[in-house]
Amino acid sequence: MKKYVFLCILAIVILAVVITSRYYNRDNRLEFKSGDTIPSSVKFINASGEDNRISDVKSKYKVIFYLDGTNDECIVRLGCISKMINLIKTEGISYLIVWEGLIPTKKVKDAGIDSKYNYSVDGKVSLSESKPTAFLMDESNKIIMVTGYSYISLINKIIELGEKKDLSYKAGEMIIKNVSKSGAFIRKDTEKTLLMFMWSGCRKCREHEEIVRKNIDSMQKKINVITIRPDFDTRQDYDKYYEIDSEQIYFNIYAYAYGIEASLRKYPMFVILKSDNSVEKLFTDVNEAINYILGL
C-alpha cells in the first residue's frame with residue numbers, strides 16, 4: 001500500500017514539475033533565435049507605465065536592446081546605444097530599449113537617451129537568458145539577427161539597411177562636439193581636422209603606431225588631430241585630443257561611406273574633414289596619409 005501511495009505522489013510531483021516547466025518556459029523564459037518571431041502577446045511597459053505590444057511599433061525594421069538594470073555590462077552599453085540612436089537615424093528603423101526589470105531612469109538620462117525609447121517587461125517575461133542581447137527584426141517581428149555583448153555586426157547591418165545614406169557628416173559633427181566639451185580643443189571655422197583611427201592591438205598596428213608617433217608633432221602643426229580608438233584599446237601618450245569609438249561605430253560609418261567592405265576594414269584609417277565636417281580624403285595607408293598631411 002505504501003509503495004502505491006509513494007508512486008502516486010511521485011507521479012503527481014513529476015506532472016506538476018512538467019506543467020510548471022512548460023508554463024514557465026512559455027510565459028517567462030523565451031530564448032529567441034534568428035528566424036523566430038516575438039509573439040504579439042508579449043507586453044512592454046513604457047516609461048509612463050502604459051502597456052505596449054511589439055506589434056504597436058509600426059516600422060520596417062525594429063532593433064531591441066535587451067538589458068538588465070542590475071548588470072554593469074548592460075549599463076556600460078548605454079553609451080554605445082545612445083550613439084547608435086543619435087547617429088544611425090534611418091527612416092524605417094525603430095529602436096527599443098527593453099529592460100528585464102525596472103528602467104534605470106537616471107542612468108538612461110545620464111547616457112543622453114530619451115525616455116521614449118525605454119520599456120520594461122517588469123520581470124514577467126525574459127526575452128533571453130544572456131544580457132546584453134540585441135535583436136534586429138523585420139516588420140512582421142521576425143528576428144533577422146541576434147547579437148550578444150558585441151554590437152559590431154548589428155551596427156554594420158543597420159548601416160547597410162540605411163539604403164546608402166551617408167552618415168559620415170553626423171559622425172564628424174558628433175566627434176568634434178564631444179572632443180570640444182573639455183574646452184581644450186578649439187577649431188577655427190576654416191580649419192580642417194584629421195580623424196586618426198588607431199588600434200594598438202596587433203603587431204602591424206604597433207608598427208603603424210610608431211610611424212605616427214615619429215611624425216605626430218609635424219602633423220599637429222599642419223592640422224587638428226583627433227585620435228579615435230575602439231573602446232577595448234588603450235590611450236597612447238601622443239593622443240592629445242581623443243575620442244572613444246564604442247563598438248567601432250564611427251570607424252564603420254566612415255569605412256562604409258567609402259565603400260570598404262566589412263571584411264577588408266582594418267586599422268589604421270585616416271579621415272580628413274573639411275571645416276564643414278564633410279570628408280576631404282580617406283586613407284588606409286599610414287605613409288600616404290602622413291605625406292598628404294605634411295604637404296598641406
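Going through (1) under 25 Å from ASP245 (Cβ atoms); (2) open to solvent by less than 50 Å² (accessible area, probe 1.4 Å); (3) in a helix (DSSP H, G or I) one by one, ILE97 falls short only on (3). Just checking, how many residues over region 105-132 are more than 20 Å from LEU154 (Cβ to Cβ), in a loop (DSSP other than H, G, I, E, B) and open to solvent by less than 30 Å² (accessible area, probe 1.4 Å)? Total satisfying the criteria: 2.
Assess whether ILE85 counts as being among the hydrophobic types (A, V, I, L, M, F, W, C) and not in a loop (DSSP other than H, G, I, E, B). Steps first, answer last, please.
Values: among the hydrophobic types (A, V, I, L, M, F, W, C): yes; not in a loop (DSSP other than H, G, I, E, B): yes.
Taking the combined requirement at face value, the residue satisfies it.
Of the residues PHE44, PHE32, which is open to solvent by less than 60 Å² (accessible area, probe 1.4 Å) and not in a loop (DSSP other than H, G, I, E, B)? Answer to the selection: PHE44.
Reported count of residues in region 49-70, each being touching a helix residue (DSSP H, G or I) at 6+ places or on another chain (Cβ under 9 Å) and part of a loop (DSSP other than H, G, I, E, B), is 3. Residue count for region 167-199 satisfying the condition of being surrounded by fewer than 16 Cβ atoms within 10 Å (Cβ to Cβ), small (Gly, Ala, Ser) and in contact (Cβ under 8 Å) with a residue 12 or more places away in the chain: 1. Number of residues in region 210-223 that are out of contact with any helix residue (DSSP H, G or I) (no Cβ under 9 Å at 6 or more places or on another chain) and either open to solvent by less than 50 Å² (accessible area, probe 1.4 Å) or in contact (Cβ under 8 Å) with a residue 24 or more places away in the chain (or both): the value is 2. All of (1) within 17 Å of MET84 (Cα to Cα); (2) open to solvent by 70 Å² or more (accessible area, probe 1.4 Å) hold for ILE228 with one exception: (2). Pairs are defined by a Cβ separation below 7 Å, a sequence spacing of at least 6 or placement on different chains, a first member in region 30-53 that is at positive phi, and a second member that is part of a loop (DSSP other than H, G, I, E, B); no pair meets this definition.
Filter region 154-166 down to the residues that are in a helix (DSSP H, G or I) and open to solvent by less than 60 Å² (accessible area, probe 1.4 Å), then identify the one that is nearest to SER278 (Cα to Cα). In this case the residue turns out to be ILE159. Suppose we keep only residues that are assigned to a helix (DSSP H, G or I) and aromatic (Phe, Trp, Tyr) within region 231-260. Which one would you say is surrounded by the most Cβ atoms within 10 Å (Cβ to Cβ)? This residue is TYR250.
For beta carbons closer than 7 Å, sequence separation of 6+ or different chains, a first residue in region 228-249 that is among the hydrophobic types (A, V, I, L, M, F, W, C) and a second that is open to solvent by 10 Å² or more (accessible area, probe 1.4 Å), the qualifying pairs are ILE228/GLU243; ILE244/ASP231; ILE249/LYS83. Taking every residue in region 149-162 that is closer than 14 Å to PHE251 by Cα and in contact (Cβ under 8 Å) with a residue 60 or more places away in the chain and pairing it with any residue that is small (Gly, Ala, Ser) and open to solvent by 30 Å² or more (accessible area, probe 1.4 Å), at least 6 positions away or on another chain, the pairs with Cβ-Cβ distances below 7 Å are ASN156/ALA262.
Go over the candidates LYS266, LYS221 one by one and state the one that is under 21 Å from the mean Cα position of the chain (by Cα) and among the basic types (Lys, Arg).
Values: LYS221 fails: under 21 Å from the mean Cα position of the chain (by Cα).
Just a single option satisfies the conditions, and that option is LYS266.
VAL286 satisfies every condition listed in (1) buried (at least 18 other Cβ atoms within 10 Å of the Cβ); (2) under 26 Å from ASP189 (Cβ atoms) except (2).
The values are calculated or read from the model by the stated rules, or taken from the named source; none is laboratory data. All values derive from a computational prediction rather than experimental measurement. Cβ atoms come from the backbone with ideal geometry, glycine included; neighbour counts cover every protein chain shown. These area figures cover heavy atoms from the full protein model, side chains too; ligands, DNA and RNA do not enter into them. Shrake-Rupley method; radii C 1.70, N 1.55, O 1.52, S 1.80 Å.
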